[in-house]
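Peer 1: Structure provided below as structure tokens; questions to follow.
The values are calculated or read from the model by the stated rules, or taken from the named source; none is laboratory data. In this text, all values refer to a predicted model and were calculated from it rather than measured experimentally. Virtual Cβ from ideal backbone geometry, glycine too; neighbours counted across all protein chains shown. Side chains included, ligands, DNA and RNA excluded: accessible areas come from the protein's heavy atoms. Shrake-Rupley method; radii C 1.70, N 1.55, O 1.52, S 1.80 Å.
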Amino acid sequence: MAHLQQQGLQQVVLCPGSRSAPLALAAGGLARRAGLTLVTAIDERSAGFHALGLALASGRATAVITTSGTAVANLLPSAVEADRSCIPLLLLTADRPSRLKDCGANQTVNQEDFLSSVCRAFLTTPGDGLHLQDDAQLQTLAATLWEKAMGSAGPVHLNVPFEEPLHPSGAEQQVFWSAWQPRSGSGEEALRLQTLPTPWGGPVLDWSHPGVVVAGPWRGQAADLPAYQGALQALAFTTGWPVLVDPLAAAPRDLPGMIRHWDLMLPAGLPKPEASLQVLRLGPLPASRRLEAWLRTLGPGQWLISEGDGRCLDPLGLASQCSQGLSSWWHGVSPQHVCSEERPSALLKAWRALDAAVERALAQQLPQVGPVSEPALMRCLPQLLPPAMPVMLAASSPVRDWQAFAAADTGHRRCFSFRGSSGIDGTLSLAVGLARDLGPLALLTGDLALLHDSNGWLLAAASAPPLLVLLIDNGGGGIFGQLPIPAGSAAEFDHLFAMPQAVDPLALARAHGVPSRQLACLEDLPHALEWGLDQRRPVLLRVCTDRIADAALRQTLRREVEQVLRCDQGSTKEH
């Protein structure tokens, strides 16, 4: 553990266990004497997601320590998300020694294979016990672990067989820690790996012809974000191209060319130039079938740049991909003269006019008074939350509704949503992890996502960081009502898909010591948010919505916006 801290490890999430006692005692000692941040969690599934939130927020690998057996299997969901979202994670699992394998020994399973399909690397210490490795070998092992996790940004599994005795006496521990001295060299210099520059390559674009940039969810290392944002700004300034920005793209607030309401604009058909439109895609695709359909109409010849992820990120099969990162690519290809002021293209001017028309239509159709609908809630929230306060969006209806109805806020605050595998696993635990590192944060979640990770409330004690949990309780899985799923009756649909649960989320929160309030209408929202933020700890605000009515409202809003845009484009052509 000390060698990992020397590499740059700052945060550990510890789960209970006997076989993992040596790792627990080491982490506890480093927390007392060397400033290691140690969080404890009784549920390994929740612990893995909590560590994921910590790692994403800090930009450093976070370690999770578990005992042997099914405890290791419970790390798989968070490891899957870490793999798909390129988040560094160290999974340190204790194990029985080799002599107890394959002979029916208690709590002894083939845990070496549980996580291998999604991990960047699997390493193990000697099967007869970690005590057989000397200090130099442990130092090399720690360096390798950190390099694997940070170098390719993903989960790494270290399996550690321990032979008994596992529990040193109090006197033995006191003697060890009295003689122990922190090693020099830990700190910022170990934060990032030094990589060799790569030769230039990737997209070849004609700046004199029209194009569009699609900025998908940001999946790079935190230290690279400022350079990415600078390159994106320079690209937009120089080309004058429209930039379709996903809320998760970590785009700078003053990004020129930003088109915010593109998800609502696409069905009406965005105006295209007579010549072919060049397409530059950044990172994975936003979660929008409308965008995918529109990109398909533009055909092959598109370009895609990822932030170091060499895996294919083009489910459409239309793009040539390079993984060197936007900043590196831009420095290799940017024109000698990079514009210092925006020079919007004719295409950008036309799209901006439509963007403004959508904003006016939403303002008219979604007043900030009356009963709570999910689209109206999303439109209200950005105006009421503190400026720049980060938001986490559960990976179901909330992230989609934020894109559609809170798009005017894009670029004004950092938005997070764990869309790598698009699961609702670990929603609350992730949010607590983000808030623990970033400070005050708002979580927007549905009732099933919150209930699915209700053990996350165990991490939300009074000493936990400020977290405003806004629960959109629509009595089941509201996302299914937005899909063309046939069902014989409403009761059958609820039974097979929506699955409403007879649980009082306010009572559940109170059972964990979490303050909570119920909202009745949109007018309650400002005071409730003020109250929640004043608590300076995790709180729950619950709003109840009608998922059937809201599904119909979304369709109505899209039709009305489409009609507004068609009229606007028609009047533009007449002039």
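Peer 1: Output the number of residues of the range 447-469 satisfying the condition of being under 21 Å from Leu52 (Cβ atoms) and outside any loop (DSSP other than H, G, I, E, B).
Peer 2: Of the residues in the range 447-469, 14 are under 21 Å from Leu52 (Cβ atoms) and outside any loop (DSSP other than H, G, I, E, B).
Peer 1: Among the residues of the range 282-317, what is the count of those that are more than 23 Å from Leu264 (Cα to Cα) and not aromatic (Phe, Trp, Tyr)?
Peer 2: Qualifying residue count, the range 282-317: 13.
Peer 1: If you don't mind, another one. Can you pull out the residues in the range 391-433 that are open to solvent by 20 Å² or more (accessible area, probe 1.4 Å) and of a type outside the set (Gly, Ala, Ser)?
Peer 2: Arg400, His412, Arg413, Arg414, Arg419, Ile424, Asp425
Peer 1: Being farther than 23 Å from Ala27 by Cα and assigned to a loop (DSSP other than H, G, I, E, B) is the filter here, so list the residues in the range 96-106 that pass it.
Peer 2: Across the range 96-106, the qualifying residues are Lys101, Asp102, Cys103, Gly104, Ala105, Asn106.
Peer 1: Also, quick follow-up: Under 9 Å by Cβ, and 6 or more places apart or on different chains, what pairs join a residue from the range 350-371 that is on the phi > 0 side of the Ramachandran plot with one that is of a type in the set (Val, Ile, Thr) and not in a helix (DSSP H, G or I)?
Peer 2: Every condition considered, no pair remains.
Peer 1: Among (1) at pLDDT below 90; (2) under 16 Å from Pro375 (Cβ atoms); (3) crowded, with 20+ Cβ neighbours inside 10 Å, where does Gln482 come up short?
Peer 2: Condition (3) is where Gln482 drops out.
Peer 1: Sticking with this one: Filter the range 474-495 for residues that are among the small types (Gly, Ala, Ser) and outside any loop (DSSP other than H, G, I, E, B) and give the result.
Peer 2: Gly478, Gly481, Ala490, Ala491
Peer 1: Of all residues in the range 230-279, count the ones that are in contact with a Pro (Cβ under 9 Å, 6 or more places away or on another chain), buried (at least 23 other Cβ atoms within 10 Å of the Cβ) and among the small types (Gly, Ala, Ser).
Peer 2: Selection size over the range 230-279: 3.
Peer 1: Would you mind stating whether Ile472 is in contact with a helix residue (DSSP H, G or I) (Cβ under 8 Å, 6 or more places away or on another chain), β-branched (Val, Ile, Thr) and surrounded by 15 or more Cβ atoms within 10 Å (Cβ to Cβ)?
Peer 2: Criteria met by Ile472.
Peer 1: Residue by residue through the range 309-332, note down the ones that are of a type in the set (S, T, N, Q), crowded, with 18+ Cβ neighbours inside 10 Å and within 25 Å of Arg289 (Cβ to Cβ).
Peer 2: Gln321
Peer 1: Looking only at the range 536-556, how many residues end up being over 21 Å from Gln365 (Cβ atoms) and loosely packed, with under 15 Cβ neighbours inside 10 Å?
Peer 2: Residues meeting the conditions: 1.
Peer 1: On to the next question. So how many residues does the range 115-144 have that are open to solvent by less than 60 Å² (accessible area, probe 1.4 Å) and either of a type in the set (Lys, Arg) or closer than 28 Å to Val80 by Cα (or both)?
Peer 2: The qualifying residues number 14.
Peer 1: Looking at the range 12-95, what strands (runs of 3 or more DSSP E) fall wholly within it and have at least 2 residues that are at pLDDT 95 or above and surrounded by 24 or more Cβ atoms within 10 Å (Cβ to Cβ)?
Peer 2: Fully inside the range 12-95 and qualifying: 62-66, 89-95.
Peer 1: Within the range 206-229, count every residue that is over 18 Å from Leu56 (Cα atoms) and open to solvent by less than 10 Å² (accessible area, probe 1.4 Å).
Peer 2: Residues flagged as over 18 Å from Leu56 (Cα atoms) and open to solvent by less than 10 Å² (accessible area, probe 1.4 Å) within the range 206-229 amount to 5.
Peer 1: For the range 502-512, give me each residue that is open to solvent by 60 Å² or more (accessible area, probe 1.4 Å) and in a helix (DSSP H, G or I).
Peer 2: Arg510, Ala511
Peer 1: Looking at the range 282-305, which of the residues that are open to solvent by less than 50 Å² (accessible area, probe 1.4 Å) and of a type in the set (S, T, N, Q) is modelled with the highest pLDDT?
Peer 2: Result: Gln302.
Peer 1: Taking only the range 348-367 into account, find how many residues are in contact with a Lys or Arg (Cβ under 7 Å, 6 or more places away or on another chain) and either among the hydrophobic types (A, V, I, L, M, F, W, C) or more than 14 Å from Ala268 (Cα to Cα) (or both).
Peer 2: Residues meeting the conditions: 2.
Every residue, every condition in (1) free of Cβ contacts under 8 Å to residues at least 60 places away in the same chain; (2) under 29 Å from the mean Cα position of the chain (by Cα); (3) outside any loop (DSSP other than H, G, I, E, B), yes or no:
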{"residue": "Ile472", "(1), (2), (3)": "no, yes, yes"}
{"residue": "Phe497", "(1), (2), (3)": "yes, yes, yes"}
{"residue": "Pro500", "(1), (2), (3)": "yes, yes, no"}
{"residue": "Val514", "(1), (2), (3)": "yes, yes, no"}
{"residue": "Ala528", "(1), (2), (3)": "yes, yes, yes"}
{"residue": "Ala551", "(1), (2), (3)": "no, yes, yes"}
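Peer 1: Which of the residues belonging to the range 325-338 are farther than 21 Å from Leu277 by Cβ and at pLDDT below 90?
Peer 2: Passing the criteria: His331, Gly332, Gln336, His337, Val338.
Peer 1: Can you run down the residue pairs with Cβ atoms below 8 Å, 6 or more apart or on separate chains, where the first is in the range 413-428 and closer than 9 Å to Leu393 by Cβ and free of Cβ contacts under 8 Å to residues at least 24 places away in the same chain and the partner is part of a loop (DSSP other than H, G, I, E, B) and open to solvent by less than 10 Å² (accessible area, probe 1.4 Å)?
Peer 2: none
Peer 1: Give the residues of the range 363-403 that are outside any helix (DSSP H, G or I), within 17 Å of Thr556 (Cα to Cα) and of a type in the set (S, T, N, Q), sorted by residue number.
Peer 2: Result: Ser373, single match.
Peer 1: Does Glu189 count as at pLDDT below 80 and of a type in the set (Asp, Glu)?
Peer 2: yes
Peer 1: Given the criteria of a type in the set (Val, Ile, Thr), at pLDDT 95 or above and either in contact with a strand residue (DSSP E or B) (Cβ under 6 Å, 6 or more places away or on another chain) or more than 14 Å from Val13 (Cα to Cα) (or both), does Val109 qualify?
Peer 2: no
Peer 1: What tally of residues in the range 433-475 results from selecting those that are closer than 12 Å to Val514 by Cβ and polar (S, T, N, Q)?
Peer 2: The total comes to 1.
Peer 1: Quick check on the range 96-110: of everything there that is open to solvent by 40 Å² or more (accessible area, probe 1.4 Å) and in contact (Cβ under 8 Å) with a residue 40 or more places away in the chain, which residue is nearest to Glu163 (Cα to Cα)?
Peer 2: So, considering only residues that are open to solvent by 40 Å² or more (accessible area, probe 1.4 Å) and in contact (Cβ under 8 Å) with a residue 40 or more places away in the chain, the one nearest to Glu163 (Cα to Cα) is Ser98.
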